[in-house]
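Worksheet: one structure, shown below.
The values are calculated or read from the model by the stated rules, or taken from the named source; none is laboratory data. On a predicted model such as this, the values are computed, not experimentally measured, just so you know. Neighbour counts are summed over all protein chains in view; Cβ atoms, including those assigned to glycine, are modelled from backbone coordinates with ideal geometry. Just the protein is used for accessible areas: all its heavy atoms, side chains included, with ligands, DNA and RNA removed. Shrake-Rupley method; radii C 1.70, N 1.55, O 1.52, S 1.80 Å.
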Amino acid sequence: MSQQTFDHVIVGGGSAGCVLAHRLVSAGRSVLLLEAGPADDDKFIHMPAAFVRVLATERAWTYETEPQPSAAGRKMFVPQGRTLGGGSSVNAMVYIRGTPCDYDGWRDLGCPGWGWDEVLPFFKRAEGNRRFADRFHGTDGPLAVSDARYRHPLSLAFLRAAQEAGLPYNDDFNGAQQAGVGFYQCTTFDGRRGSTATTYLAEVRGNAKLSVQTNAHVARVLTKDGAATGVSYLVGGKGEPQTALSRGDVILSAGALASPKLLLLSGIGPAAQLQSHGIGVVRDLPGVGENFQDHLEVSVYGRTREPISLAGSDTGLTALKHGVQWTFFKTGLLTSTVVESGGFVDTTGSGQPDLQFHVLPTLVGDVDREPLPGHGISINPCFLHPESRGRVHLRSSDPMAPIHFDGGYLQAQADADTLVRGLKLARRILRAPSLAKLVSEELAPSAKAEIDDAALETYVRQRAKTVYHPAGTCRMGSDALAVVDPQLRVHGVQRLRVCDASVMPRIISGNTNAPTIMIAERCADFMLAGT
C-alpha cells in the first residue's frame, strides 16, 4: 500500500474542489486533488453547444432514484459531473447566484456569517465579468462570466413573447433584482466553456505544491481519535488501495450525492444505519444524507413552422461547417449554450420569484427519454423553492455500490402546484404573437388552448424532470440535524470539512454552480485563517 502526505487532501475535482485547490496552493499549501473521473480532455466539454453529448459518457455519473410514488412511480435520473471541473464541465453554463433572501434565510436558519452582505464579496472575488462592473459584480476573478456569442432566433422570440405576456425584461439576473426575462450570462470565455478546471485549476496546474490524481475512487476517510487523517482510494476503482495522509484538513467536495455517501462509509452518520451495514461508528450524526433538495422542471413543447431550431444541425456538411467555424474561430452556432434565455417569475405575489424558465431552441428529452422528433422549442418552468425533501442512504458497505437514493420528488403538493402555474404561463407565452409567428402548434402538454389544472398536474407528475441541482444532504447549521458548522467543519470530527452544494440548508433560487463556487471561496478563507 503506497502512502503520501500533504497539507490537505481534497476529494472531488469539481466546481468546489478546483476552487479550493487554486486558493490553497496559491497560499503555499501542498494539496492532493482526487477526482473519480478522467481528465476534462473531451472536445465536447469545451464546445458550449455540445454539452449534452458528455452527459451519456464516462465523464458523468447518472444517479438513479428509487421509484417515486408522487411522480407516477417513475425512477428519476440525476446526472452529475465525473471529470475535472465536475458540474462546471458538463452543465449548461448558466451563471445565477440566487437572491439576497436565500442567503439571509441561511443566516436566520442558524448559519451566522452567510447572509447576503457576507457572501456578496465572495461572489465578486470569484467573478471575472466581461460586461458588468458595478457594486454587484467583479471583473478580476478567475471565473469567466460573459454573454454567449450566439443567440438563436427562437430565444429572441421567446423574450419578445414573454414581454407580450406581461413579463418585464431584465438585463442582469444577478443585479438589483432577479425578476424578469432575458438572456443568461454564462461561464464561458472566447467562445469556450469556462469550467473551474479551465480557469481556477489551470492557473495552478504547474505548481509543484499541487498533485492531481484522476480516476481515483475514494473509499473512505481515515480517522484517528476523532480526527480525519487522510483517505483511502482506488485508482480506477480497483487494485491495491492507496493512502493519502493529510497534515491539515481533509475536504469532501464530491457533491450532494457522493459527499454524504463518503461520510457514511467512513462511520460518520446515523448510528443505526451504519451499524446495519457493519460500519463502526466514528460519529453519530443523524442528519447525514437527509434534507435532499432539487429543482424540477417540466416542458411545454411547440412545433416550429420551419426547420429553424437547433435540431438537425449536427449532421452532414452543416455539422462540418459549424465544427470548422468553432475550431478555428470560436464563433457560430456551437458557441451557443443552448439554454440561452429564460427568466424568473413571482406567480404568488410574495415579492420573490418562485419560478425560473429554462428555454431551449430545440425539442429536448431527458436521460431516460428521447426528444420529440423534428424542430421546435422547449419552454421549461422550474420551481425554485421545493418543499419536498429526500434522502441518501447506503445500500451496502461496498464503496463501489450505488447509493439508496429517494429524491422525495413532488411529495409536497405545493411543488406540483407551482409547476402547474408555470405550465399555464409557459403556454400563454407560446401563444403570444412573437412565438405564434414561428410555432404552428403546441405538442405537449396539449394542442388544446384550454386544459384543466387536474390534467396539467397529471402531466407534471408523469413528465417533470430534475434540473440536476442536488443539494442539502450535509447541511450547515448548529442544531441536532446539522452536519457541518458555519465554517463547514463536520460536527464532532476534527480536521474534516464538507464543501459543495450539500451544505446548503435550503437550495438557492436558481442554478447552483455559482453558489457552489462561492461556498468554496469561503471555505478556503476559513482554512487559511485557521477557523
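Points worth noting:
- Separation of the ASP134 and GLN487 label points, Cα + 7 Å toward Cβ, nm: 3.7 nm
- Stretching the chain fully between GLU370 and GLN325 yields a gain of 13.4 nm (0.36 nm per residue, less the alpha carbon separation).
- Acute angle (nearest 10 degrees) that the helix 316-329 long axis makes with the longest principal axis of the chain, alpha-carbon atoms: 60 degrees
- Shape of region 1-159, Cα gyration tensor, a/c cut at 1.5: rounded
- Solvent-accessible surface of the chain, averaged per residue with a 1.4 angstrom probe and all protein chains in place: 36 square angstrom.
- For the chain, lysine pairs with C-alpha atoms less than 20 angstrom apart, excluding pairs fewer than eight positions apart on the same chain, total 11.
- A helix-only calculation puts the chain at -7000 deg cm²/dmol for mean residue ellipticity at 222 nm, using -39500 (n - 2.57) for each DSSP H run of at least four residues, averaged over all residues.
- Seen from all directions on average, region 1-54 presents a Cα convex hull projection of 5.0 nm².
- Protection proxy ranking of 85-91, 96-102, 181-187, 379-385 - average other beta-carbon atoms within 10 Å, highest first: 85-91, 379-385, 181-187, 96-102
- Shape of region 126-216, Cα gyration tensor, a/c cut at 1.5: prolate
- Each Cα pair under 8 Å and six or more residues apart adds its sequence gap; the mean of these over the residue count of the chain is a relative contact order of 22 percent.
- Extension gain (nm, one decimal) between GLU306 and VAL235, 0.36 nm per residue minus Cα-Cα: 20.5 nm
- Once the chain from TYR169 to LYS437 is taken as fully extended at 0.36 nm per residue, the excess over their C-alpha distance is 94.4 nm.
- Overall Cα dimensions of region 217-362, principal axis frame, Å, largest first: 66, 48, 29
- Built from the Cα atoms of region 378-531, the convex hull projects on average onto 12.7 nm², one quarter of its surface area.
- With a cut-off of 14 Å between beta carbons, the residues surrounding SER440 carry a summed charge of +1, where Lys and Arg count +1 and Asp and Glu -1.
- Between helix 15-26 and the chain: long-axis angle, C-alpha atoms, 0 to 90°, nearest 10: 50 degrees
- Packing-based ranking, highest mean first, of 349-357, 236-244, 103-111 given that Cβ atoms within 10 Å are counted: 103-111, 349-357, 236-244
- Put simply, the amide H of ALA219, placed in the peptide plane, has neighbours under 5 Å in SER232, TYR233, LEU234, leaving out anything fewer than 5 places away on its chain.
- Local net charge near GLY332, Cβ-Cβ under 11 Å (Lys/Arg +1, Asp/Glu -1): +3
- Accessible surface of the chain [probe 1.4 Å, protein heavy atoms]: carbon and sulfur percent: 51 percent
- Nearest-ten-degree value, helix 453-463 long axis tilted from longest Cα axis of the chain: 50 degrees
- Inter-label distance for GLU64 and VAL281, nm, one decimal - labels placed 7 Å from Cα along Cα-to-Cβ: 3.3 nm
- Ranked by the mean number of other Cβ atoms within 10 Å of their residues, highest first, the peptides 126-137, 492-503, 33-44, 469-480 come out as 492-503, 469-480, 33-44, 126-137.
- Only alpha carbons enter this Debye calculation for region 289-369, each as an equal point scatterer, and the log10 of I(q)/I(0) it gives at q = 0.11 Å⁻¹ is -0.49.
- Counted charge near PRO270, where neighbours are those whose Cβ lies closer than 11 Å (Asp, Glu -1; Lys, Arg +1): 0
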